[in-house]
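Structure record follows, encoded as structure tokens.
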Amino acid sequence: MPSPPMVEPRRGISAPVVALTFDDGPSRWTEPIAELLERHDGRGTFFAIGEEVAGEGRAIIERLVAGGHEIGNHTWTHADLQTLGDEEIRDEMLRTSEKLAETLRAAPRYWRAPFFRSDERVRAAVGDLAGREVWYSNMPGDWELPGEETARRVVAGLEPGDIVVLHDGRPANEPPELSWPTRDATVEAVGLILDELAVRGLRAVTISELVSSR
């Protein structure tokens with residue numbers, strides 16, 4: 001079956017909401033981020049790596065669900081999908097959707113390709129295995145920036161309807177030179193971003209909430 005339509009930013013909407021999304025978890029940085037969101041009456045969408053959920057990450061996913069956050073599919077191994085064959089792509093997505101469904105009691109509604117390496121062939125291979133693909137309007141590069149700089153890049157020009165990409169984990173197969181070894185700076189940045197959202201009268205919401213906003 002063809003892939004459902006992509007979720008893109010909804011800039012220009014009247015609702016005072018933005019979507020903060022997080023890739024590459026679950027990890028030890030996921031829960032501190034969730035706690036910051038909740039203190040600001042916000043919720044996020046977390047795109048999870050399946051092999052992390054299969055390990056110690058399941059308890060973190062359960063905690064996110066209990067907190068009202070949303071979980072998406074970010075492949076089983078954080079693979080570059082454009083380098084894989086169609087069956088390998090489907091396996092990456094299906095294994096993750098099935099593992100998440102054990103906790104969510106339903107298949108995830110959204111997915112995101114690692115590195116945003118997606119094209120028409122990848123989308124056709126994924127089909128309806130993981131819901132709708134989610135794009136973005138703001139990706140500051142938090143994996144290699146101090147928290148204050150990440151926050152500055154996010155809030156500069158931020159508008160209702162934006163989708164922001166941050167990272168709550170570090171893939172196990174990622175070479176050391178590609179990013180900083182921790183996501184402590186991202187946790188710091190999330191706190192600063194949420195403080196600024198409150199000043200502006202904006203709230204962080206899940207992708208589903210953003211899609212349904214007017």
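Numbers for the structure displayed
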| read-out | value |
| --- | --- |
| Those residues of segment 155-214 which are surrounded by fewer than 20 Cβ atoms within 10 Å (Cβ to Cβ), among the aliphatic types (A, V, I, L, M) and within 14 Å of Tyr136 (Cα to Cα), in sequence order | Leu158, Val211 |
| Tally, over segment 142-169, of residues that are within 20 Å of Ala34 (Cα to Cα) and out of contact with any strand residue (DSSP E or B) (no Cβ under 6 Å at 6 or more places or on another chain) | 6 |
| Options Arg28, Arg43: the member that is closer than 19 Å to Val155 by Cα, in a loop (DSSP other than H, G, I, E, B) and not acidic (Asp, Glu) | Arg43 |
| Answer from Leu64, Leu94, Leu84 - the residue that is over 15 Å from Asp23 (Cβ atoms) and either touching a residue at least 12 places away in the same chain (Cβ under 8 Å) or in contact with a strand residue (DSSP E or B) (Cβ under 6 Å, 6 or more places away or on another chain) (or both) | Leu94 |
| Residue satisfying all of: in segment 7-35; farther than 15 Å from Tyr110 by Cα and among the charged types (D, E, K, R); surrounded by the most Cβ atoms within 10 Å (Cβ to Cβ) among these | Arg10 |
| Segment 117-132 residues that are free of Cβ contacts under 8 Å to residues at least 40 places away in the same chain and under 18 Å from Asp23 (Cβ atoms), paired with ones that are surrounded by fewer than 20 Cβ atoms within 10 Å (Cβ to Cβ) and polar (S, T, N, Q) (beta carbon under 6 Å, 6 or more apart) | Arg117/Gln82 |
| Unique residue being in contact with a Leu (Cβ under 7 Å, 6 or more places away or on another chain) and at pLDDT below 95 when the list is Leu129, Leu94 | Leu129 |
| Segment 137-148, subset surrounded by fewer than 16 Cβ atoms within 10 Å (Cβ to Cβ) and more than 15 Å from the chain's Cα centre (by Cα), residue nearest to Pro114 (Cα to Cα) | Glu144 |
| Where His74 falls short, out of the listed (1) modelled with pLDDT of 95 or more; (2) out of contact with any strand residue (DSSP E or B) (no Cβ under 6 Å at 6 or more places or on another chain); (3) not small (Gly, Ala, Ser) | (2) |
| Criterion violated by Val134 - all others in (1) under 26 Å from Glu56 (Cβ atoms); (2) surrounded by 21 or more Cβ atoms within 10 Å (Cβ to Cβ); (3) out of contact with any strand residue (DSSP E or B) (no Cβ under 7 Å at 6 or more places or on another chain); (4) of a type outside the set (D, E, K, R) satisfied | (3) |
| Any hit, segment 100-109, residues being modelled with pLDDT of 95 or more and surrounded by fewer than 21 Cβ atoms within 10 Å (Cβ to Cβ) | yes |
| Checking Ser208 against (1) in contact with a His (Cβ under 7 Å, 6 or more places away or on another chain); (2) within 28 Å of Pro5 (Cα to Cα), the condition it does not meet | (1) |
| Residues satisfying the stated conditions in segment 36-54, i.e. farther than 13 Å from Val65 by Cα, among the small types (Gly, Ala, Ser) and buried (at least 18 other Cβ atoms within 10 Å of the Cβ) | Gly42, Gly50 |
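The values are calculated or read from the model by the stated rules, or taken from the named source; none is laboratory data. Not measured: the values here are computed from a predicted model. We place every Cβ from the backbone using ideal geometry, glycine too, and count neighbours over all the protein chains shown.
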